[in-house]
1. Using +1 at the C-beta of Lys and Arg and -1 at the C-beta of Asp and Glu, which of B:212, B:117, B:201 has the Cα lying farthest in the positive direction of the dipole of the range B:111-249?
2. Kindly identify the range A:31-129 as rounded, prolate or oblate by the Cα gyration tensor criterion: order the square roots of the eigenvalues as a ≥ b ≥ c, call it rounded if a/c is under 1.5, otherwise compare a/b with b/c, prolate if a/b is larger, else oblate.
3. What are the ³J(HN,Hα) values, in whole Hz, obtained from phi via the Karplus relation 6.51 cos²θ - 1.76 cosθ + 1.60 with θ = phi - 60°, for each residue of the range A:467-477 in sequence order, with x given for Gly and Pro?
4. Can you put A:394, A:42 in order of Cβ neighbours within 10 angstrom, beginning with the fewest?
5. Between residue A:204 and residues 5 or more places away or on another chain, which pairs have amide H atoms under 5 Å apart, with H built 1.01 Å from N, and which residues are they?
6. What FRET efficiency would be calculated for the residue pair residue A:403, residue B:19, taking the C-beta separation as r and a Förster radius of 45 Å, to the nearest 0.05?
7. For B:131, B:150, what's the fewest-to-most ordering of other Cβ within 10 Å of each Cβ?
8. For an R0 of 45 angstrom, estimate the FRET efficiency from the Cβ-Cβ distance between residue B:190 and residue B:387 and round to the nearest 0.05.
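Every number in this text was worked out from the coordinates using simple rules, so none of it is lab data. These numbers come from a predicted model, not from an experiment. Reconstructed Cβ throughout: ideal geometry from the backbone, glycine too, with neighbour counts over all protein chains shown.
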Protein chains: 2
Amino acid sequence: MKVAWAGSRHAVEVADRMARLVASDPVFRKDTRTMLSRKELFKDTLKKAAHAWKRIVELRLTEEEANLLRLYVDQPGYVDLHWGMFVPAIKGQGTEEQQKKWLPMAYKFQIIGCYAQTELGHGSNVQGLETTATFDPSADEFVMHSPTLTSSKWWPGGLGKASTHAVVYARLITEGKDYGIHGFIVQLRSLDDHSPLPGVTLGDIGGKFGSGAYNSMDNGVLRFDHVRIPRDQMLMRLSQVTREGKYVHSDVPKQLLYGTMVYVRQTIVADASKALSRAVCIAVRYSAIRKQFGSQDGGPETQVLNYKTQQSRLFPLLASAYAYRFVGQWLKWLYTDVTQKLEAKDYSTLPEAHACTAGLKSVTTSATADAIEECRKLCGGHGYLNSSGLPELFAVYVPACTYEGDNVVLLLQVARFLMKTVAQVATGKQPVGTIAYMGNIQHLMQCKSAVNTAEDWLNPAAIKEVFEARALRMAVNCAQNISKAPSQEERFL
Amino acid sequence: MKVAWAGSRHAVEVADRMARLVASDPVFRKDTRTMLSRKELFKDTLKKAAHAWKRIVELRLTEEEANLLRLYVDQPGYVDLHWGMFVPAIKGQGTEEQQKKWLPMAYKFQIIGCYAQTELGHGSNVQGLETTATFDPSADEFVMHSPTLTSSKWWPGGLGKASTHAVVYARLITEGKDYGIHGFIVQLRSLDDHSPLPGVTLGDIGGKFGSGAYNSMDNGVLRFDHVRIPRDQMLMRLSQVTREGKYVHSDVPKQLLYGTMVYVRQTIVADASKALSRAVCIAVRYSAIRKQFGSQDGGPETQVLNYKTQQSRLFPLLASAYAYRFVGQWLKWLYTDVTQKLEAKDYSTLPEAHACTAGLKSVTTSATADAIEECRKLCGGHGYLNSSGLPELFAVYVPACTYEGDNVVLLLQVARFLMKTVAQVATGKQPVGTIAYMGNIQHLMQCKSAVNTAEDWLNPAAIKEVFEARALRMAVNCAQNISKAPSQEERFL
C-alpha cells in the first residue's frame, strides 16, 4: 500500500529519505510554530527557506528531492511562489530570449519573484483587472499604473516583504487601444538595499486564519504610480508590442496557456490527498487511543474507533484520501496526454480536460476542507488544541477552496460544459474522455439497474452504470429546466 | 424588526447603550486583537476584565446591563467561568450556609472561581471521571487526588492562570465506598501571592484554534497530590457526608440539577443566533459591495448579492439567524415552565424538555459553525483575512459544538428519547410538549398532503402537517430498523 500510495518503490525511498532529512534537522522544527508572533514566524520562515536552499545545494538534490524537502518543511513561504508561479510564468509566457535573461537569475536566487495577478477588486474575473501597462513609444517603455483603489494588487504571496520582482498582470494599452490582460516582469525592490523602487508602494495585507498557518506567508499589496519598465519586460511568447507600438500575435497558439492551468489544478488535487491523509491519520490514531463510555461494570471503556457513529464519519474520509490520491495520479496522466496533443496542435480534448480538472479541483478541495474540520471534531475537545495539529491543518488548507479558481465559479464552468455537451449529444456529436459515457444516451436514459441483491453491487460495472445513468439523467433534467430561463445570463447566475 | 430581535423596546435601548459604552471606550478596542502574541492577548484580557468590572461598579450597572457589556467586550476570559459556572454551581448545589459563606466573596471578586469537571481522559462520560475525594474522618477532611495521568483536569477556562478557587468534580469515597461524582470547592492558589498551594499542579494547556479567538482564555490543567480540604467544602445541597463519614441524601430532588442543564443549553441556542447574525451581517454587506463579472460591454459589474448562487447560499443563513433567535426566546419560556414545574415537584415534562434542549443545542451549534465558515467562503479570498472578522468568528464559535455536551452524543440522546416515545405511543401513552404530535400517529402515518399548488404551501398548517408526518414516519421506520439489532448496546453505538 505504501508503494501504491507513493507511486513507486523509488518514490517511497525518496520520500522517506527527505522526510528523515527534515525531521532530523533542528532548523526545520515545527513544534513552536503556533506560539510565535507573526514577526517571529516570518523570520523563522525566511530562516527555513534559506536553510532548505543551502541543504539542496550542499546535497546536490534533484528537483524531485528538493520539492519533497520543501513539502516536508511544510511552511508556506515566498519560495513557493518563486518556484511555483514566477519561474513557470516566465517559462510558459516568456520568449526564449526572455527565458535566457531571467531564468538563470531566478535559479540562483539573485532575484526573488512572485505572481501579481489578483487585485483588491478582482479575483475570479481576471478580465476585469484594472492595473494598466501603457506603452510609451517615445521612450520604448511601458508605464505601469494603478488607477483606482480597487486596482491595487492584493493577495500575491511573497509580495509583502520578500520579492524583488513580480510577474504583473495588467491591461496592455498601446496606440490608444486596450488589448486586455498581459504579463510583465517588473522589478519592485532594490537589489542593493531591498527598499521599494520609486513609484512602487508595497505592504503586507495582515493576519490570516489560524495561529501559524498561512501567516508565515507575506501576502502583499502593491500599487504603481506611473512606474516605467523597458518594453522587453512584457512576456512576449504569445503576443508582442513592436518598437513602434504595434500589437501583434505570435504564431504560438493561445491554448498552450490552458495546459499550465491543467498542470496547476492537477497538483492541487494531489495536494488535497496529502492534506486529507494527514488529518485522517491523526483522527484514526486518536480514535484508536481514546476511550469513552461503554463500561457498565467498571471494566475498561470502549475505544471510540469501535463506535459506529465514529466509523461512519471517519472511514469515508479515510477512503477519500486514497481516492483523491489515485485520481491525482490519473490527472498527471491527463496532463501529459493534453500536453502531447497540444504540441501536435490537437485541441480536441482540451475542453473536456479543462472541465475535468476544474470540477475535480473544486470537489476535492471543498471535500478536503470539510473533512479536515470533521477530523478535528472527531477528536472532540482535544481537536481544538493546536497541539493536535488539526486547527492549523484546516486553516492552512482552506484557501485551496478559493485560490486558482473559486470552487463555486469552477463548478458553474463545469455545469456550462455539461449543458453544452448535452446539447451536442442531441445533435449526434460523440463526447470524449471522462464524458464519453454521455454518448450512450439512448441506453442510459431508460436502462434499469440489474442489481437485485447486495452482492450484485460488488460488480464495478453495475456501480459504473448506475453512476452514469444518474449523472446523465440529472444533466438532461437540468438542461431542460434551464432552457426555460428567460435569458442566457439567468441560466448560470 | 429591531424590537422583535431584541425582545422588547427596553432590550433595544439597553443593548444600544451598552454597545456604545464598549465601542467608545479605548480600553475595549478590538482591532489589534489578532496581532497580539498569546501573552499580550492574555494581559489584554485581564485588563479588559478589570476595566469592565470597574465600569460596572462605577456606573452601578444592573445584572442585565453587565451581561450585555461583557457580551460586547466579546473576549473570552476567566470572568465568563466565574459568573457563568462557578457562582451558579454554588447557588445550585451549595447549601444555604455554603452560599452565605462563598457567594459574597465571589461577588466582590475576593476570590476567582472556575469549574473543573472535564479531565484529560473524560469529557462526555462524566461518570467516568477519575479524580478522587476521599473522606478522612480522623481529620474531618476530604483528600483530593489525581491517581492517573488521564485524571488530570484538562480544559477548564480560567484555571490555567487566573482562578484562586474551583468547583472540582471528583469521585466521593467514604467508608471505603465510591459514591460517584460530586462537587467540591477547592482553593488552588494563595490569596497572598497567587502561587499554587502545596500539592496543586497548575498550567495552561496551550494554543487553540485561531489567531486570537479563545486564546484569550487560560484553559488549564490541574493535578492534585493528596490535597486536603475541610469537609464542609463538599457542595452539600443534594447529599452530605456526616462528621462520622456517613453518606446521606437530602430531601432536595436530584432533578433540580437538570433545570440548570436546560438553562445553560438555552443560553447556547441564544448565543448561536448572535454568532450567526454577526457572520451573516458581514457576508451580506460584503455581497452588496463586491462586484464581479456580468459586464460584457464595459459597464459596471454585477453585485455578487444579485447572483442566485450567492443568494441560495446566503439567504438561508440569514433566515436561520432569525429562526435561532426566536427558538432561543421560546427555550427561555421552556426553562421558566420547567423550573416552575420542578418547584411544584412535577417532573413529567423534564424528559421532553431535556431532549428538546439537547437536540436544539446540537442542531443550532453545528449549523451555526458551518454557516460562519460558509459566510467566510461567501466573501471569497477576503474572508480569509482576519480583518474580515470571519476567521476569528469561526475559531471562537466552533467549540460550542463540543462543550456542554458533544453534538453527536447529544443527538444520540435525542434518538434514544424518540425511540422510547415511539414505543410508548404504541402502548397508548400520550406524549407531551414538542412531541405531542406523535400522539396523532394514526393520522400522520397514512395522511396525504393536501398541497396541490405552490400557493398551498403558504398555509402554515400544511407545512406543519408535512413536517410532523415526515418526522414521525422516520422515527417509526428507525425504531423498526434498530429493533433488529442483536443487542441494546449496538442500537445506539
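1. B:212
2. Here the range A:31-129 falls in the oblate category.
3. Once rounded to whole Hz, the list reads 4, 4, 5, 5, 4, 5, 5, 5, 5, 5, 4.
4. Sorted ascending by nearby Cβ count, the order is A:42, A:394.
5. Distant-sequence amide H within range of residue A:204: A:221.
6. With a Förster radius of 45 Å, E is 0.80.
7. Ordered from fewest to most neighbouring Cβ atoms within 10 Å, B:131, B:150 come out as B:150, B:131.
8. Working: r = 42 Å, r/R0 = 0.93.
It comes out at approximately 0.60.
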